[in-house]
Structure formats: C-alpha cells, structure tokens
Amino acid sequence: MSADLLIDPGLVAALRRARHVAVLTGAGVSAESGIPTFRDAQTGLWASFSPEDLASPAGFRRNPRRVWEWYAWRRELVAQAAPNPGHLALAELARYVPQLTLITQNVDGLHQRAGSEAVIELHGNIGRVVCAEEGGVVEQWDESGGELPPRCPRCGAHLRPDVVWFGELLPEAAMAAAWAAARSCDLFLSIGTSGLVEPAASLPRAAMQAGATVAVINLDVTTAARPPLYTLNARSGELLPALLRAAWDDTPP
Ligand code: APR
C-alpha cells in the first residue's frame, strides 16, 4: 500500500497544528541507507555478533582489538552511506514547525549529514573516538604501529568509540533534553526503533502521559492504535516524505 494511503488525516492535522514536535529515531531510519539494524532477524547486526562481546565495557576489556575493528568496520560502512529520504524529510520538517527536537539512538551521524541541527545523540556518535581512561575526545591517533586499539596520545590508554555501551549511562545532558522534549511536545514521532532499549523506549509513553499525540512509524508495529496514538507500518524513507506532502504540499513554509 502506498505510504500516502497509510496516513490518517487526524495525524496530519496534529502535525500541522503542532507548536513543538519531538522525534525519536532508531536504526530503522538508517536501514534504507544500507546501515544494518540491530535486531531485524537475519540482517540485524546482532544476528552476527553478540552485543556482550562487542558493545560492552566487559567485551572491550576481554578483546579490545575485536571491538575496535568492529567499530572501524561500522565507521567505514557509515562513511559510504548517504542520508536517505527519511533523514532528509526530518531535516526539512524543521522548516515547517515552530520547534523540532530530534532525538536519536543512532550513532551514524546521518541526521546531521542530512542537514538536521542540534541532534540529541542518546547513544553517542561512532565518528568520535575518546580515550578509554580520560574520556576526552581524541581527534588524531596513530595506527601505523599495527597495535589496535591505538593508544591515547595524552595518557597511553586504549582509545575507544564515543558510543554508549550496554551497562553504561547515557549522556546526562542529552537524556535530560530528551525527557524535557517528550514532556513538552504536542506531537511525538517514534520512528524506526524496536522500543526495546531503555531509557529511550520510555520517551513515547512519557509524551503521551503529558498529553501529546504519538505516532509510531515502524516496520513491525502491532499495537492497536486509536488517537492520540497512531501507528504506521511503513518504511520511514517513504512515509516521512509522504507525511510532509500530506501536511504542507499546498502551503510551502
Ligand atoms: N523504516 C522504518 N522502520 C524500520 C525500517 C525502515 N526502513 N527498517 C527496519 N525498521 C524497524 C525494525 O522493524 C525495528 O523495529 O526499525 C527497528 C529497528 O530496531 P532495532 O534494530 O532494535 O534498533 P533500535 O531500536 O535503534 O535499537 C536501540 O539498541 O542495540 C542498541 O544501542 C543500540 O541504539 C540501539 C538500541
């Protein structure tokens, strides 16, 4: 079914009148850019790797080289990827609504490359590397010696990707901004996330409890929906441009 047909006029009306739209994205938004999601069966990254071994402090302590190489592979994947129409539609949405808060669980930086600004990165960014001891960002490092992970030029400890691993706390300021947006928005869009990982998974519920309209855009939505909850089973790269067309095609900003 065409994405345009999936869109409830009630959701379009809520979008058009919203003063503050909050958006939470997950790996599904980057799937159409060729970045594997985490949990989709067969293709999901975790299907080939164990989260405990590759995205946890214990996994890094056990085998820092394997973790570094896995993230280097993902960094390369991201570098070759391009923002898809879903990312671009969210960047364009900022031009139509008075206030847009974009919160992402993704670490690929594709929202920023699509033109979105002030992106709240709950799980960090794979493009940044930090010292595993001091935590500070390291811009340049030397891999010529062949030792991986490379060493911090300041203190000699291992370098690691600036992403939040299982068991680690999310960046406090980012989480506080995400909670504030969920509790003050008129419309909350949850897009391309399985909603399995806390605390991000609680944001849509917090928005609804605060009186917002909530739309869940995903590929495997099963929840029965009635306003103020809307569910749309569609690819974000198709649905999001269709949603903007439905709301503003006759009234450009
Ligand atoms: N459009 C919309 N949704 C999609 C698309 C698409 N093109 N492709 C896949 N999806 C949906 C899948 O159906 C799935 O429900 O996106 C969701 C992706 O879920 P996950 O793979 O669990 O990714 P995410 O929700 O972002 O995971 C949250 O878990 O592993 C940690 O830190 C990691 O940030 C990640 C967090």
Going through 13, 31 one at a time, which residue ends up being open to solvent by less than 50 Å² (accessible area, probe 1.4 Å), more than 12 Å from the ligand (Cβ to nearest atom) and at pLDDT 85 or above? 13
For the stretch 159-184, give me the residue count where each residue is assigned to a loop (DSSP other than H, G, I, E, B), more than 8 Å from the ligand (Cβ to nearest atom) and open to solvent by 60 Å² or more (accessible area, probe 1.4 Å). 2
Scan the stretch 213-244 for residues that are of a type outside the set (A, V, I, L, M) and within 14 Å of the ligand (Cβ to nearest atom) and jot them down. 218, 220, 222, 223, 231, 233, 235, 236, 237, 238, 241
Which of the residues belonging to the stretch 185-212 are more than 16 Å from the ligand (Cβ to nearest atom) and open to solvent by 20 Å² or more (accessible area, probe 1.4 Å)? 186, 208, 209, 210, 211
Looking at the stretch 137-149, is at least one residue at pLDDT 95 or above, more than 29 Å from residue 239 (Cα to Cα) and open to solvent by less than 10 Å² (accessible area, probe 1.4 Å)? yes
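The values are calculated or read from the model by the stated rules, or taken from the named source; none is laboratory data. Keep in mind the model is a prediction, meaning the values are calculated, not measured. Neighbour counts run over all protein chains shown; Cβ positions are idealised from the backbone, glycine included. SASA here: full protein model, heavy atoms, side chains in, ligands and nucleic acids out. Shrake-Rupley method; radii C 1.70, N 1.55, O 1.52, S 1.80 Å.
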